[in-house]
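Here's the structure, in structure tokens; my notes come after.
FYI, it's all coordinate maths here, none of it is from the lab. All of these numbers come straight from a predicted model, not from anything done at the bench. All Cβ positions, even for glycine, are placed from backbone atoms using ideal geometry, and neighbour counts span all protein chains on display.
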Amino acid sequence: MTWYNRAKPPLGKGEKRGVPEGLFIKCEGCGEMIYAGEFEAAWRVCKKCGKHHILPGRRRIGLLLDEGTFVESDASVQAVDVLKFRDTKRYRDRIKAAQKESGEADAIICGSGRLNGWEVELAAFEFGFMGGSMGVVVGEKIARAGERAVVRKCPLIIVSCSGGARMQEGTFSLMQMAKTAVVIEEMRDAKLPYISVLAHPTAGGVTASFAMLGDVIIAEPDALICFAGPRVIEQTIRQKLPEGFQRSEFLLEHGFVDLISKRSDLKKNIAALIGHMSANIPPENRPPQQ
Amino acid sequence: MTIAFLDFEKRILELENKLDELRSLSKLQDADFSSEIRKMRKKLKQVKMETFSRLSRWQKTQLARHPARPYAIDYIKELAPDFVELQGDRLFGVGPSIVAGFGTMESRSVMFIGIQKGRDIKEKMYRNFGMPHPEGYRKALRLMKLAEKFSKPVVTLLDTPGAYPGIGAEERGQAEAVARNLMEMAALRVPIVCVITGEGGSGGALALGVGNRVLMFEHSVYSVISPEGCAAILWKDQSKVEEAAEALALTSRDLLENKIIDEIVREPVGGAHRNPMLAAHVLKRVLRRTLGELSALSPEEIVGQRRKKFRDMGVFFEQLQEK
């Protein structure tokens, strides 16, 4: 036994004392390791670079609605595979897998609740369910949310976070663009406020229907908001796209969103705007008088 | 007329050439080939019927894109010879992929709006291959409002690969232009009849497709995405276009079955490009009947019918809970 023999077992063998799975999150913007609890408490916004990560639909509801006021609607509406669509997998199997993975029935969660005291109808996309794609279920639930808002005379808020129309439902999914636009038109007719919030990413048939029709359109910082995706455009025109193209700030500059709001200010901003657009909202849907 | 033939059109071309030969031969030699000609014509008809009743969805897509297929201007000229084109969105530009204006169809004043692909290279460039920019959609909307102001019906003729995906189009709000048209068309107080004449390319077609009646030519297609795009995204393999076309169920018959369209406009055997005049004539007859039916409705009924039609699109499953 020589003097340089190790008395202790070498490092890196035996019990690993590394980072437990899921305890830290790596920021997609700056690469900073953020303690998961802190990351969630900050609604998935990086404390260092301010990157807004995708927020699951349920957490979005938690962000916007007063605690304990949310009542979900249409939770049991589910997709039907009318076309028996099959690509590399069957659409039916994709739905089942997405339901298991996301814990949601489809790509949107709808219901009512109070937002700083204002009674609202809220629809929040779940990006974890097939990229938040819009098929018949999403179209139907948005339409019903709008119709409830008209009947109950309250504001409608839709938080979009979606790759666009769901190809697996063919032309049925295309028609949801018209379906949702019809109901937004009824909101306009009823002179009730509709606020469209665009989170990263909002694309295709979602952008080109209800998402761009808000009385007020609010974007989260640096969200990709587009009709045709950057890859499609690059392939079509065979040029590199300019820096910041199709990001929130680009849309603001070109006049297509009203304001960019940090996630931490979102609730406050929406509440203030509803206040200004509340001429046709009855007392029971307003915040109680102090 | 020279016709660029698709694979499955070749056999028909051969037979047609033989028939022409026989005819010229009989004239030249003053001989009687009439029984041969009759036989040949019968065979030609049979082959045409067989070929065109058994097209796959991908073949139908190719037919819908056939370079000799009549385009919007071809139809409009036949439907309303006095057509006056009106241009510009009053905001930015002309929007040349879309042709629009008033015309008289059998003493009825109609606002025609059509997407134009362009026949030769020069026109194709000018029309941007039938892929409208936001200006085109905004011009169309301006003119639909004009029609509404004077209580005239709107007829749209749709044939587009899709709304143009480019830098300028995004900068000027392609998504907003499409979205606004959907909403404003839903509320328009005059009848709207939409006809897919060739390619119904996704949102780019739907942006002019919110009508009281939606018709499709027999060999046209209407889809949320092109078979090429779908194959690239879902199969990650550009060569799977045939599978993608089958899966997307994009033919006129599929869409009638799924109650997304109201009616199929029959085409001459072999497709509209084999006899554009006849195709336009059939369309005129269908439009006459359809506009006649819709003219009996009040503006409120027109709006109500259109709203309900699109509100109810799609099938879903719901577990009804006791309240």
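With bins 5 Å wide beginning at 0, the percent of Cα pairs of chain A falling in each bin runs 1, 5, 11, 15, 17, 15, 12, 9, 5, 3, 2, 2, 1, 1, 1, 0, 0, 0, 0. Every Cα-Cα pair of segment B:62-311 was included, and the share exceeding 28 Å stands at 27 percent.
Only helical runs count toward this figure. For the protein assembly as shown, summing -39,500 (n - 2.57) over DSSP H runs of n ≥ 4 and dividing by all residues gives -12000 deg cm²/dmol at 222 nm.
With distances taken between every two different alpha-carbon atoms, the protein assembly as shown has a Kirkwood hydrodynamic radius of 26.3 Å. For A:Glu28 and B:Glu263, the FRET efficiency from 1/(1 + (r/R0)^6), where r spans their Cβ atoms and R0 equals 51 Å, is about 0.55. Considering only alpha-carbon pairs that sit under 8 angstrom and 6 or more positions apart, the relative contact order computed for chain A is 14 percent. Here the 3J(HN,Hα) profile of segment B:38-43, calculated from phi with Karplus coefficients 6.51, -1.76 and 1.60 at θ = phi - 60°, is 4, 4, 4, 5, 5, 5 Hz, Gly and Pro shown as x.
Taking amide H positions as modeled 1.01 Å from N, with prolines and chain starts lacking one, no residue 5 or more places away or on another chain lies under 5 Å from B:Val315. Of the cross-linked pairs B:Lys42/B:Lys284; B:Lys60/B:Lys139; B:Lys45/B:Lys124; B:Lys18/B:Lys39; B:Lys10/B:Lys284, those separated by over 22 Å at the C-alpha level are B:Lys42/B:Lys284; B:Lys60/B:Lys139; B:Lys45/B:Lys124; B:Lys10/B:Lys284. Comparing B:Ser97, B:Ser107, B:Ser298 in a Gaussian network model of chain B where C-alpha atoms under 10 Å apart are linked, the largest mean-square fluctuation is found at B:Ser107. Using the structure shown, list the pairs from B:Lys77/B:Lys149; B:Lys145/B:Lys309; A:Lys240/B:Lys236; B:Lys117/B:Lys145; A:Lys51/B:Lys236 with a Cα-Cα distance above 26 Å, or answer none. From B:Lys77/B:Lys149; B:Lys145/B:Lys309; A:Lys240/B:Lys236; B:Lys117/B:Lys145; A:Lys51/B:Lys236, over 26 Å: A:Lys51/B:Lys236. Considering only B:Asn17, B:Asn128, B:Asn275, the mean-square fluctuation computed in a Gaussian network model of chain B, springs between alpha carbons under 10 angstrom, is largest for B:Asn17. In order along segment A:31-41, the phi-based Karplus estimate (6.51 cos²θ - 1.76 cosθ + 1.60, θ = phi - 60°) of 3J(HN,Hα) comes to x, 4, 7, 10, 4, 4, x, 5, 4, 5, 4 Hz; Gly and Pro are listed as x. How large is log10 of I(q)/I(0) for segment B:8-54 at q = 0.13, 0.19, 0.30, 0.32 Å⁻¹ when the intensity is taken from the Debye formula with one equal scatterer per alpha-carbon? Here the Debye-derived log intensity ratios amount to -0.32, -0.59, -1.05, -1.12.
Each eigenvalue of the Cα gyration tensor of segment B:171-280, multiplied by 5 and square-rooted, gives one semi-axis; in descending order these are 24, 22, 12 Å. Taking Cβ atoms as reference points and 13 Å as the exclusive limit, the residues near A:Asp87 contribute a net charge of +2, counting Lys and Arg as +1 and Asp and Glu as -1.
Using Cβ point charges alone (K and R +1, D and E -1), the dipole size of chain A about the Cα centre works out to roughly 1140 debye. Along segment B:174-190 the Karplus relation, 6.51 cos²θ - 1.76 cosθ + 1.60 evaluated at θ = phi - 60°, assigns HN-Hα couplings of 4, 4, 5, 5, 5, 4, 4, 4, 4, 5, 6, 5, 4, 9, 5, 8, 10 Hz to successive residues, with x for each Gly and Pro.
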